[in-house]
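J.: Encoded as structure tokens, here's the structure I'll be asking about.
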Amino acid sequence: MRVLLTGGAGYIGTHTALVLLERGHEVVVLDDFSNSSAEAVRRVEQLTDHAIPLIEADLADRYETRAALEGVEFDSVIHFAGLKAVGESVAQPTRYYRVNIDSTLVLLDLMQERGVDKLVFSSSATVYGDPDIVPVNEQAPAGIGVTNPYGWTKFMNEQIIRDAQTAWPELGAVLLRYFNPVGAHPSGKIGEDPLGIPNNLMPFIAQVAVGKREKLAVFGDSYPTPDGTGVRDYIHVMDLAEGHVAALERIAAGVKTYNLGSGVGSSVLDAVRAFEAASGRPVPYEVVPPRAGDVAELVADPALANRELEWQTTRSLAEACTDSWAWQSANPDGYGE
Ligand code: NAD
Ligand code: WQD
């Protein structure tokens, strides 16, 4: 296939581009570089020895995107583009709704205009809020207990895509609900490069280990979990990338929704210990009060994706920490742009 990756210069997009190219697909990247750099795409080109056409455009701008994609051929789309910082979404709700919703609306219209009828969408486990049953499966109610505008944009985008498919029955769409993506390509050449202070646990730990930050703030140790810290399902980004390829290769008219997670829960302190072991560096931490909106435990039941996509995770949290350390230690300032 020839796949357009919106937001393809970002963390998950670059790893997915690499796996797609290795599996013999072609990719085109569209990005506005609001949270990434062209250097990331150049590194994927080097790793795979394939050229990647790179289009700079704001997907939320219909006219700019239409003009930028003129004459560019693709037969399917993986839609990663969007803003993803939970705290920032609370402070800037209109920006988050505009960028994340408009991007999807523009993309769906352009796909229909051009007869491109295969779409994979980056959704999030955040749509489950604080589910009653963990591990959570796709039957659990979504949209109840979502605590921030970012999460609402994922929930709303899922509904927009379902409605678009009802009106355009040829469309095949897969909504992938990611749990907590971590790690990097084992080469250490590509990885997660957050701007400013990382919001997420793993990049924060990595910056403490490399000496960029003094200590980790552990958000609460009185949750009803084995060690009192929050439990999450950390999925290696290479496993996640492979999940996209599996979804794309099986896409058929209709809408399917899958959890992409490992099914294994790890606490904040498990993650600290795994990173210390992988890096050989200490990760000092201090327990602080819980972060607003956090849930005690969120772990995937990935059985549906295991069965229907014939996909499963094969990499452990320890491996994710080793690969993340390879990236962080070789690129302490990320892509440096
Ligand atoms: P990322 O920020 O690294 O990648 C997103 C990319 O989209 C960036 O390269 C950014 O420059 C680009 N972008 C943003 N707005 C754009 C616009 N208007 N037009 C064109 N490009 C635009 O994030 P990521 O971690 O790779 O996440 C990819 C997708 O997966 C996002 O939709 C995110 O919400 C979703 N997701 C991420 C996580 C996670 O923890 N990383 C979890 C669940 C879902
Ligand atoms: C993981 C655990 C924190 C930072 C978020 C989004 C979700 C999805 C993935 C996009 C929790 C604890 C964290 C720190 C800590 N993204 N923690 N100190 O909150 O599970 O999910 O990213 O869709 O939508 O909400 O991930 O990495 O922020 O936190 O103690 O400095 O680490 O309390 O238990 P989260 P996270």
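The values are calculated or read from the model by the stated rules, or taken from the named source; none is laboratory data. Just so we're clear, the structure is a prediction, and the values are computed from it rather than from any experiment. Every residue, glycine among them, receives a Cβ derived from its backbone with ideal geometry; neighbour counts consider all protein chains shown. These accessible areas exclude ligands, DNA and RNA; they are computed on the full protein's heavy atoms, side chains included. Shrake-Rupley method; radii C 1.70, N 1.55, O 1.52, S 1.80 Å.
J.: Restricting to the stretch 56-70, name every residue that is among the acidic types (Asp, Glu) and within 16 Å of Ala9 (Cβ to Cβ). Break it down into steps so the answer makes sense when it comes.
T.: The first filter runs over the stretch 56-70 and keeps only residues among the acidic types (Asp, Glu), leaving 56, 58, 61, 64, 70.
Correct list: Glu56, Asp58.
J.: Among the strands (runs of 3 or more DSSP E) confined wholly to the stretch 82-195, which include 1 or more residues that are touching a Ser or Thr at 6+ places or on another chain (Cβ under 6 Å) and on the phi < 0 side of the Ramachandran plot?
T.: 118-124, 172-178
J.: On to the next question. Mind telling me which of the residues Ser76, Ser36 ends up being of a type in the set (Gly, Ala, Ser), near ligand 1 (Cβ under 8 Å from one of its atoms) and modelled with pLDDT of 95 or more?
T.: Numbers: Ser76 fails: near ligand 1 (Cβ under 8 Å from one of its atoms).
The unique qualifying residue is Ser36.
J.: Next question, about the same structure. Scan the stretch 62-75 and tell me whether some residue there is open to solvent by 60 Å² or more (accessible area, probe 1.4 Å), in a loop (DSSP other than H, G, I, E, B) and within 16 Å of ligand 2 (Cβ to nearest atom).
T.: no
J.: To continue, here is another question. Can you report the number of residues in the stretch 238-271 which are among the aliphatic types (A, V, I, L, M), open to solvent by less than 40 Å² (accessible area, probe 1.4 Å) and in contact with a strand residue (DSSP E or B) (Cβ under 8 Å, 6 or more places away or on another chain)? Step through it out loud before you land on a result.
T.: Let us first name the residues in the stretch 238-271 that are among the aliphatic types (A, V, I, L, M), namely 238, 240-241, 245-248, 251-253, 255, 260, 264, 268-269, 271.
Checking the rest, the ones that are also open to solvent by less than 40 Å² (accessible area, probe 1.4 Å) come to 238, 240-241, 245-248, 251, 260, 268-269, 271.
Right, trim to in contact with a strand residue (DSSP E or B) (Cβ under 8 Å, 6 or more places away or on another chain) and you get 240, 247-248, 251, 260, 268-269, 271.
Final tally of qualifying residues: 8.
J.: Next question, about the same structure. Answer yes or no as to whether Ile190 is at pLDDT 95 or above, over 19 Å from Asp130 (Cβ atoms), under 16 Å from the mean Cα position of the chain (by Cα) and buried (at least 22 other Cβ atoms within 10 Å of the Cβ).
T.: Details: at pLDDT 95 or above: yes; over 19 Å from Asp130 (Cβ atoms): yes; under 16 Å from the mean Cα position of the chain (by Cα): yes; buried (at least 22 other Cβ atoms within 10 Å of the Cβ): yes.
Yes.
J.: Kindly indicate whether Ser222 is hydroxyl-bearing (Ser, Thr, Tyr), within 15 Å of ligand 2 (Cβ to nearest atom), in a loop (DSSP other than H, G, I, E, B) and under 23 Å from Gln312 (Cβ atoms).
T.: No; evaluated as a whole, the condition is false for this residue.
J.: Sticking with this one: From the set of residues in the stretch 142-192 that are of a type in the set (Asp, Glu) and closer than 24 Å to Ala253 by Cα, which is farthest from ligand 2 (Cβ to nearest atom)?
T.: Applying the first criterion (of a type in the set (Asp, Glu)) to the stretch 142-192 yields 158, 163, 170, 192.
Checking the rest, the ones that are also closer than 24 Å to Ala253 by Cα come to 158, 163, 170.
Working: Glu158: 12, Asp163: 22, Glu170: 29 Å.
Across the stretch 142-192, the extreme among qualifying residues is Glu170.
J.: Go over the candidates Ala209, Ala164, Ala140 one by one and state the one that is away from ligand 1 (no atom under 15 Å from the Cβ) and either over 30 Å from Leu108 (Cα atoms) or open to solvent by 40 Å² or more (accessible area, probe 1.4 Å) (or both).
T.: Details: Ala164 fails: either over 30 Å from Leu108 (Cα atoms) or open to solvent by 40 Å² or more (accessible area, probe 1.4 Å) (or both); Ala140 fails: either over 30 Å from Leu108 (Cα atoms) or open to solvent by 40 Å² or more (accessible area, probe 1.4 Å) (or both).
Within the list Ala209, Ala164, Ala140, the selection yields Ala209.
J.: Further question on the same structure: Does any residue of the stretch 309-332 turn out to be of a type in the set (A, V, I, L, M) and open to solvent by 50 Å² or more (accessible area, probe 1.4 Å)? First the steps, then the outcome.
T.: The first filter runs over the stretch 309-332 and keeps only residues of a type in the set (A, V, I, L, M), leaving 309, 317-318, 320, 326, 330.
Then drop every residue that is not open to solvent by 50 Å² or more (accessible area, probe 1.4 Å), which leaves 318, 330.
Yes, some residue in the stretch 309-332 is of a type in the set (A, V, I, L, M) and open to solvent by 50 Å² or more (accessible area, probe 1.4 Å).
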